[in-house]
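The structure appears below as structure tokens.
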Amino acid sequence: MRMGIIVLGLIALLGCSSVNGDTEWWQTMSLYQIYPRSWKDSDGDGIGDLQGIESKLEHLVDAGVDAFWISPIYPSPMADFGYDISDFMDIDPIFGTLDDFDNLVATAKSLGLKVVMDFVPNHSSDEHEWFINSMASVDPYTDYYIWKNGTVLENGTITPPNNWVSVFGGSAWTWNNQRQAYYLHQFAEEQPDLNYWNEEVVAAMKEVLVFWLDRGVDGFRVDAIPHLFEDSTFPDEPLTGDTDDPTDYGYVEHDYTKHLQETYDMVQQWREVLDNYTENSDGVPRIMMAEAYANTSMTMKYYDYGAHFPFNFNLISNVDGSSNAAEIKESALDEWLNNVPDNATSNWVIGNHDKSRVATRYSPEQVDTLNIINLLLPGVSVTYYGEEIGMEDQWISYEDTVDPQGCNQEEDTYESYSRDPARTPMQWDATTSAGFSTSESTWLPVNTNYLTLNLAAQVAADTSHYKVYQALTALRKEAVIQEGSVNVQLINNNVFAFMREYSGSVPVMVVANLANNSETVSLEVFDNAADTLLVSIASVDSSLTEGSEVSKTSLEISALSALVLRSGAEALISSGIIILFVTALAYFHH
């Protein structure tokens, strides 16, 4: 009996220090984004669905993630593939039913996974009953949307009220014959903006949040928050001078249509809804994540007004594969870490449904590097589906393009706007349609590289992006990653490194080489690092592999690769574990 107690104690001591019990579930989560049309098709129609998602939840457990966010699954005419919602409290038949959703949530909970819903508050579909009634001036819906009379020219022509431009191009105003007025749409004309100056709209959207909370949702990713409010005097936007095309979104500055103070105030109101729900139920926090493409100060302001965190897009918007280590450290890492409020939870995002995939935006060789950075920096990590295996953008012809952002362009320019290449079906295996569907015809073409680039192949391989990803999510469970300090250092223009430290834990060091050639560097800038280090995790193309012993004073790191380093025996001795182990053996001997 005494030996059993000692052995269990030694196992605990040889593991890692425990995580602080005060940390809430979301603060250390690995969040995985599922684009539902593209994750798994259960019925052979070529479009992913809820039963398909449920059937593959074990993959998330195997991958080591903690929560998943589902892009919109509401009823929708699909003008913007689910972001044009005709009913905020139901499921589109393409994806299934509310019963399917309830089953999905129940299965997720049984597997220990949290479920995050996409909340799209800025606009509805023009087929929503609210808009249909608003067109007809039926109360209380008359002012649920932004309606304005046009400007009447001398010749009697009616033109839009001002020069506001839609994100998707063209005027942000569309004339409605029935209402005999223009309505505002900051996105597609099928997506009329809701009027948040109207308290009835505010109340109705709060009811939407509660509806999904009642169905077991653990939080919301809030779409396009900066666009919620517009200046109610409707002035012309100042011109940027960047283009002479008045239909281009970059034609004007958007001073009166984005980032208004009232938007932050609304975030605060939604936080109150979530906190009240938590307080009156089980006490487990329900969270709100804000999607806001904004400058640093405007982004950080969402923390002050109640968002659990605004998404950190620095590794998407500020840098790419052409960036060197100095630029990534300064523009992506330091820009966030030096500005995030005290006691706020950071987060890191390397991909989503609106941007090219990591393997395309950076390079296939840098997939592991970006996953290492994403998963080992402090706070929440966000993974877009397929990034765990290094999926790449698929070129899609103009004829096959379905994204309205691309379809609104001419054939010679659509590729710069279309988001379809990063939304292709998940590559599960080498069977029909990459195992995504039994149909050979899918809503977007499967990437042609699926025969070799797929999950099943990477599970079977000795080394793969997926196995690197699994090792990283396992490491994330340790206190040193969940609660440790971070020290980021530029080693040279091509190499940067960071160290995570936490009392009672073996430190973790990450070294990343952004150059196309190997680099030999010294890591002596990290005073607390042991002189001899062991490779814990390495990029798949690294010449160094797990278990390789390296010197702090002279480390050769392969081109476009990253290493996770930890001290070996020295760290155990310094923490007293080996001494304790010897003492325990002596105790057992006597």
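The values are calculated or read from the model by the stated rules, or taken from the named source; none is laboratory data. All values derive from a computational prediction rather than experimental measurement. No Cβ is skipped: glycine too gets one built from the backbone with ideal geometry, and neighbour counts run over all protein chains shown. These accessible areas exclude ligands, DNA and RNA; they are computed on the full protein's heavy atoms, side chains included. Shrake-Rupley method; radii C 1.70, N 1.55, O 1.52, S 1.80 Å.
Mind ordering 295-301, 378-384 by average Cβ neighbours within 10 Å, highest first? Each step should come with its number before you reach the end.
Details: 295-301: 15.9, 378-384: 24.6.
Peptide ranking by packing, descending: 378-384, 295-301.
The trypsin sites (Lys or Arg not before Pro) of the range 158-232 include none that meets both criteria, a DSSP state outside H, G, I, E and B (loop) and at most 12 other C-beta atoms within 10 angstrom of the site's C-beta. Within the accessible area of the chain, the carbon and sulfur atoms contribute 48%, probe 1.4 Å, all protein chains present. Dipole magnitude for the range 322-399: computed about the Cα centre from +1 point charges on Lys and Arg Cβ and -1 point charges on Asp and Glu Cβ, it is near 80 debye. If only the Cβ of Lys and Arg carry +1 and only the Cβ of Asp and Glu carry -1, the dipole of the chain around its Cα centre is close to 2440 debye. With R₀ set to 30 Å, the beta-carbon distance separating residue 543 from residue 398 gives a calculated FRET efficiency near 0.10. Against the chain, whose longest principal axis is taken from its Cα atoms, helix 367-376 shows a tilt of about 80°. The phi torsions of the range 323-330, fed into the Karplus equation with coefficients 6.51, -1.76 and 1.60 and a -60° offset, translate into couplings of 7, 8, 4, 4, 5, 5, 4, 6 Hz, rounded to whole numbers, with Gly and Pro shown as x.
Using the 1.4 Å probe convention, the accessible area of the range 165-255 works out to 38 Å² per residue with neighbouring protein chains retained. In the set (i) 193; (ii) 238; (iii) 171, the label that goes with volume of the Cα convex hull per residue in Å³ computed for this structure is (iii). What are the lysines whose alpha-carbon lies under 20 Å from the alpha-carbon of residue 301, with same-chain residues fewer than 8 places away excluded? Candidates past the 8-residue exclusion: 258. The phi-based Karplus calculation (6.51 cos²θ - 1.76 cosθ + 1.60; θ = phi - 60°) puts the 3J(HN,Hα) values of the range 467-483 at 5, 4, 4, 4, 5, 5, 5, 5, 5, 4, 6, 7, 4, 4, 8, 6, 10 Hz, whole numbers, x for Gly and Pro. Considering only 241, 263, 252, the residue lying farthest towards the positive end of the dipole of the range 145-302 is 263, judged by Cα position with unit charges set on Cβ. With θ taken as phi - 60° and the Karplus curve 6.51 cos²θ - 1.76 cosθ + 1.60 applied, the whole-hertz 3J(HN,Hα) list for the range 404-413 is x, 5, x, 5, 6, 9, 7, 4, 7, 10 Hz, x standing for glycine and proline. Under 29 Å Cα-Cα from residue 109, which lysines qualify once same-chain neighbours fewer than 8 residues away are excluded? Within the straight-line limit of under 29 Å, residue 109 reaches these lysines: 40, 56, 206, 467, 477. Which one, 453, 293, 93, is farthest towards the positive end of the dipole of the chain when Lys and Arg carry +1 and Asp and Glu -1 on their Cβ? Result: 453. Taking every protein chain into account, the 1.4 Å probe leaves residue 146 with about 10 Å² of accessible area, to the nearest ten. When the surface is traced with a 1.4 Å probe over the full set of protein chains, residue 546 keeps roughly 150 Å² accessible. In loop segments of the range 494-538 as defined by DSSP, the GluC sites (Glu not before Pro) with at most 14 further C-beta atoms inside 10 Å of their C-beta are 524. Working from Cα pairs under 8 Å separated by at least six residues, relative contact order for the range 250-337 is 23 percent.
Ordered from largest to smallest accessible area (heavy atoms of protein chains, 1.4 Å probe), the residues 23, 448 come out as 448, 23.
Heavy-atom accessible area for residue 65, with the other protein chains in place and a 1.4 Å probe, reaches approximately 10 Å².
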